[in-house]
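Written below as structure tokens is the structure these notes are about.
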Amino acid sequence: MLVDKNSFVRIRSYVLSPEQRNENIPEDTAKKPLKMWVKGRLTHEAELFEEAEIITATGRRVKGILKEVEPKYKHSYGEYVEEIQLLRELILSEMWSDRDEE
Amino acid sequence: MKNNYQAVSVNEIMKKSVGIDYSIFENEGIGFDYEAMMNHSGYTIDDITSIQKKAMVGSTPLFELHNLTNYARKFSKKGYGAKILLKDEASNLSGSFKARRAAISIQVAKKLGYKGVVAATSGNYGAAIAALAAREGLKCIIVQECFDSNNVAQPEILEKARACEAYGAEVVQLSVGPELFTTFLSILSKTGYFNASLYSPYGIMGIETLGKEIAEQSMEMYGKFPEVVICTNAGGGNLTGTARGLKKSGATDTKVYGASVNLTGLHMASDNDFNKKSFTTGHTGFGMPFAINPDRSDVPRSAARPLRYMDKYFITNQGSVFFITEALAVLEGMERGPAGNTSLAVAFKIAQTLKEDEIIVVQETEYTGAGKHHQPQLSFAKKNGIELLFGDPNNEIPGKNIIFPKSAKDLVVQEVPLERLQKSYLKKHSGILLSDKDKEFLMKELKINDSDLEVLLNDIR
């Protein structure tokens, strides 16, 4: 998929390969590369999942693999959690049971 | 080739990016002149107050949590159950007390003529810096540790990124690892921006007004200073600044307690452990190491030195903090935290050991929302295989389960002997012949007298 110049995108790059990582970090972390994600506008048209360059909000030029076009915020309030409902009922009953019995 | 911090000239970058030459505060030997560093800017606490006022920061409400106080009294001996007060720091610009720290850093950056600011933070401080930078027309880059190696992000950190972007900042997100510091230094050096460090004197002076306001508001409301002020403790700045502000306002008898949520067993630099945490701050993973070695931060000498001010240190468990977070919502009508509620969980227990006419102040709240709220946090925990249980919170194993108490009377609070932290602090100096000046420095660092110091030094030898 070809993405237009000036599109707002997210890119990802590798800052350090596993061999370049610091000594004295946990083994599970040391085995993985250090990755970086930045958002901005494409300076040229680019293929999705190919190398691209962006200009960030502060005007920096950064290169990386084009990962996402018009990235959306995916965090939310999550799924229903029964334990929270139980906490709510427990607290209200412990606090107000005297009053409710009157 | 291994990545090497020395490859970048750290000190040079720091001098240029913080506007402070830290070398002038160094003593011969191990110590440095902390007060000289703190006073170097020439700002008085009243100057700080007026800078913050202009930035719509500070003067937050302090109020009594009547229902939570009564709830705690149900489990107290007759005549016991101190008034629990809350300082609603969520009402600061950007939604947390971090705006107090950011206001001063941004003011200094502007005054010194920097075009932009950079901060390494995954927390509320990023949003605070971004918001305050926006008001001053400064460019802003926030560097976050956000994703694990499977590209799964902590929902709480995603929300902070969103907030920073909402204020016009650029957010650089990294996968897990301490090498974030190298990326941070490289951005500082390439942009020539100001390092809005949480640990610079500016980052701490900004919090002194929080202590001052507590002292003044308590005096106005109750005719006395509070008996106890309790601070959620991570990097130590919150506690340090608050304690200094209390002292400057005459509240010298007020005890200052630290509180952290217990995440023992989870390694802060571990890729596997990263998304098993349900708290991104206010936990022992920061609280302990930063107390023991404050200078592990992003400036040569940290202005956050909690052992200089802490009277007691408590830990609680994740289940207890979530319990009290829910209680705050359904009993006081306040959705806050959860991370800032660590000290509230501890205060709820400590209040039961204090007399009814005594006052304990929880000095901080933070805004909540998508990603940050305890609902998405617990939902995320479940998705990562963390078991949610009701039972004895003492049995909680961070990274494996979260155990909620079955009653508010079973909230878990455990005191960490300060002596343990003091000994750990001293270990790095154990092989050195200490001069009188070194010892004087250590006594101030650990808030102990000379005979205490001798005993501790003997113990670790």
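Things worth noting here:
- Selection within the stretch B:151-185: residues that are open to solvent by 20 Å² or more (accessible area, probe 1.4 Å) and more than 9 Å from chain A (Cβ to nearest Cβ). The member of this set that is nearest to A:R21 (Cα to Cα) is B:F181.
- Meets criteria (open to solvent by 70 Å² or more (accessible area, probe 1.4 Å) and in contact with a helix residue (DSSP H, G or I) (Cβ under 6 Å, 6 or more places away or on another chain)) for B:K447: yes
- Flag if A:E19 is facing chain B (nearest Cβ under 9 Å) and closer than 30 Å to B:L68 by Cα: no
- For the stretch B:51-83, filtering for residues that are within 14 Å of chain A (Cβ to nearest Cβ) and either open to solvent by 10 Å² or more (accessible area, probe 1.4 Å) or within 30 Å of B:A127 (Cα to Cα) (or both) leaves 8.
- Selected residue (only one of B:S430, B:S424 is more than 30 Å from B:A215 (Cα to Cα), open to solvent by 30 Å² or more (accessible area, probe 1.4 Å) and assigned to a loop (DSSP other than H, G, I, E, B)): B:S430
- Within the stretch B:397-410, residues that are within 15 Å of B:N275 (Cβ to Cβ) reach partners that are in a helix (DSSP H, G or I) with beta carbons closer than 6 Å, at six or more positions or on different chains, in the pairs B:G399/B:K276; B:I402/B:Q318; B:I402/B:G319.
- Only residues that are out of contact with any Cys (no Cβ under 8 Å at 6 or more places or on another chain) and under 17 Å from B:L65 (Cβ atoms) were counted in the stretch B:356-389, giving 10.
- Qualifying positions in the stretch A:64-84 - open to solvent by 20 Å² or more (accessible area, probe 1.4 Å) and at the interface with another protein chain (Cβ under 7 Å from one of its Cβ atoms): A:Y73, A:H75, A:S76, A:Y77, A:G78, A:E79, A:E83
- Among the residues of the stretch B:411-421, the ones that are open to solvent by 60 Å² or more (accessible area, probe 1.4 Å), in contact with a helix residue (DSSP H, G or I) (Cβ under 9 Å, 6 or more places away or on another chain) and assigned to a helix (DSSP H, G or I) come to 1 in all.
- Selection count where residues are closer than 16 Å to B:G391 by Cα and either in contact with a Leu (Cβ under 9 Å, 6 or more places away or on another chain) or surrounded by fewer than 16 Cβ atoms within 10 Å (Cβ to Cβ) (or both), scope the stretch A:90-102: 1
- Given (1) open to solvent by less than 100 Å² (accessible area, probe 1.4 Å); (2) in contact (Cβ under 8 Å) with a residue 40 or more places away in the chain; (3) more than 10 Å from chain B (Cβ to nearest Cβ), index of the condition A:N6 fails: (2)
- Lone unmet requirement of (1) small (G, A, S); (2) touching a residue at least 40 places away in the same chain (Cβ under 8 Å); (3) at positive phi; (4) away from chain A (no Cβ under 13 Å) for B:G340: (3)
- Candidates B:M268, B:M221, filtered to the one that is free of Cβ contacts under 8 Å to residues at least 60 places away in the same chain and not β-branched (V, I, T): B:M268
- Residue in the stretch A:25-40 that is touching a residue at least 12 places away in the same chain (Cβ under 8 Å), open to solvent by 90 Å² or more (accessible area, probe 1.4 Å) and touching a helix residue (DSSP H, G or I) at 6+ places or on another chain (Cβ under 9 Å) present: yes
- Total residues in the stretch A:41-63, condition more than 26 Å from B:A134 (Cβ to Cβ) and crowded, with 19+ Cβ neighbours inside 10 Å: 2
- Qualifying positions in the stretch B:134-150 - among the basic types (K, R) and at the interface with chain A (Cβ under 9 Å from one of its Cβ atoms): B:K139
- Tallying residues that are charged (D, E, K, R) and either outside the structural domain of B:E64 (by TED's automatic domain parsing) or assigned to a helix (DSSP H, G or I) (or both) within the stretch B:302-356 yields 4.
- Number of positions in the stretch B:259-294 that are within 14 Å of chain A (Cβ to nearest Cβ), among the small types (G, A, S) and assigned to a loop (DSSP other than H, G, I, E, B): 4
- Residue count, the stretch B:28-50 (criterion: in contact (Cβ under 8 Å) with a residue 40 or more places away in the chain and loosely packed, with under 14 Cβ neighbours inside 10 Å): 1
- The listed residue being small (G, A, S), more than 29 Å from A:G59 (Cα to Cα) and more than 11 Å from chain A (Cβ to nearest Cβ), out of B:A131, B:A215: B:A215
- Residues that are buried (at least 21 other Cβ atoms within 10 Å of the Cβ) and either under 19 Å from B:F75 (Cβ atoms) or not polar (S, T, N, Q) (or both), drawn from the stretch B:350-366: B:I350, B:A351, B:I359, B:I360, B:V361, B:V362, B:E364, B:E366
The values are calculated or read from the model by the stated rules, or taken from the named source; none is laboratory data. Everything numeric in this text was worked out from a predicted model, so none of it was measured. Every residue, glycine among them, receives a Cβ derived from its backbone with ideal geometry; neighbour counts consider all protein chains shown. Note: accessible area is taken over every heavy atom of the protein model, side chains too, but ligands, DNA and RNA are not part of it. Shrake-Rupley method; radii C 1.70, N 1.55, O 1.52, S 1.80 Å.
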